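The values are calculated or read from the model by the stated rules, or taken from the named source; none is laboratory data. Just so we're clear, the structure is a prediction, and the values are computed from it rather than from any experiment. A quick note on method: Cβ atoms are made from the backbone with ideal geometry, for glycine too, and the neighbour counts reach across all protein chains shown. In case anyone asks, the SASA skips ligands and DNA or RNA and just uses the protein heavy atoms, side chains included. Shrake-Rupley method; radii C 1.70, N 1.55, O 1.52, S 1.80 Å.
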Amino acid sequence: MMFAAPSWTMQTSGVNVRLRGVSAVSESVAWASGAGSTVLRTTDGGTTWQKLYVTDDTLDFRDIDAVDAQTAYALSIGNGPDSRIYKTTDAGKTWQLQFKNDDPKAFLDAMTFWDANHGIVFGDSVDLKFYILTTADGGHTWSRVPTA
């Protein structure tokens, strides 16, 4: 039995910043995130990318996690209030701030959602304890998981 080797196609994002996150929900729709408050979305398999406006603040969006073609979460990194989570439910036309870190020692790193309601965020350890947040209501509330 012969298998076809995977092939890669070079794409142009239209931005000149470091992209760090990507989340594809289908062969057509994918989201990307990066430095300089950059969030991108494609609906044609990456042939063209649209830059989306999230906030006036200059943030470094390290991670993006899309639930479907309309819904995505963008996580920014940085100490204290620079670590945030935004959510869109209208394909990036509007974004709602869902979490803004108030602990100056905390620094969020990554997140994932396994369905539309349940997600988890990991950050650098704080005072020798893991920094983990979870949501069970689509990001409306976030709770820190107690760790030993």
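Candidates are the residues of region 78-88 that are farther than 15 Å from Ala66 by Cβ and touching a strand residue (DSSP E or B) at 6+ places or on another chain (Cβ under 8 Å); the one that is most open to solvent (accessible area, probe 1.4 Å) is Asn79. Considering only residues of region 14-32 that are of a type in the set (Gly, Ala, Ser) and more than 17 Å from the chain's Cα centre (by Cα), which is nearest to Thr43 (Cα to Cα)? Selected residue: Ser28.
In region 2-19, the residue that is modelled with the highest pLDDT out of those that are open to solvent by less than 100 Å² (accessible area, probe 1.4 Å) and under 22 Å from Val39 (Cα atoms) is Leu19.
Taken over region 1-35, residues that are of a type in the set (Lys, Arg) and in contact (Cβ under 8 Å) with a residue 24 or more places away in the chain amount to 1. Among the residues of region 21-47, those that are in contact with a Ser or Thr (Cβ under 8 Å, 6 or more places away or on another chain), buried (at least 18 other Cβ atoms within 10 Å of the Cβ) and under 22 Å from Trp114 (Cα atoms) comprise Gly21, Val29, Ala30, Trp31, Ala32, Val39, Leu40, Thr42.
Residue count for region 22-45 satisfying the condition of being touching a Leu at 6+ places or on another chain (Cβ under 8 Å) and assigned to a strand (DSSP E or B): 8.
Taken over region 48-71, the criterion of being within 12 Å of Val25 (Cβ to Cβ), buried (at least 18 other Cβ atoms within 10 Å of the Cβ) and of a type outside the set (Asp, Glu) is satisfied by Ile64, Ala66, Val67, Thr71.
Within region 89-108, the set of residues being surrounded by 15 or more Cβ atoms within 10 Å (Cβ to Cβ), under 15 Å from the mean Cα position of the chain (by Cα) and touching a residue at least 24 places away in the same chain (Cβ under 8 Å) comprises Ala91, Gly92, Trp95, Gln98, Phe99, Phe107, Leu108. Residue-level analysis places Asp115 outside the set of residues that are in contact with a Ser or Thr (Cβ under 9 Å, 6 or more places away or on another chain) and more than 18 Å from Gly21 (Cα to Cα). Pairing residues of region 36-53 that are within 14 Å of Thr88 (Cα to Cα) with residues that are surrounded by fewer than 20 Cβ atoms within 10 Å (Cβ to Cβ) and among the polar types (S, T, N, Q), at Cβ distances under 8 Å and at least 6 apart in sequence or on separate chains, gives Leu40/Ser13; Leu40/Gln50; Arg41/Gln50.
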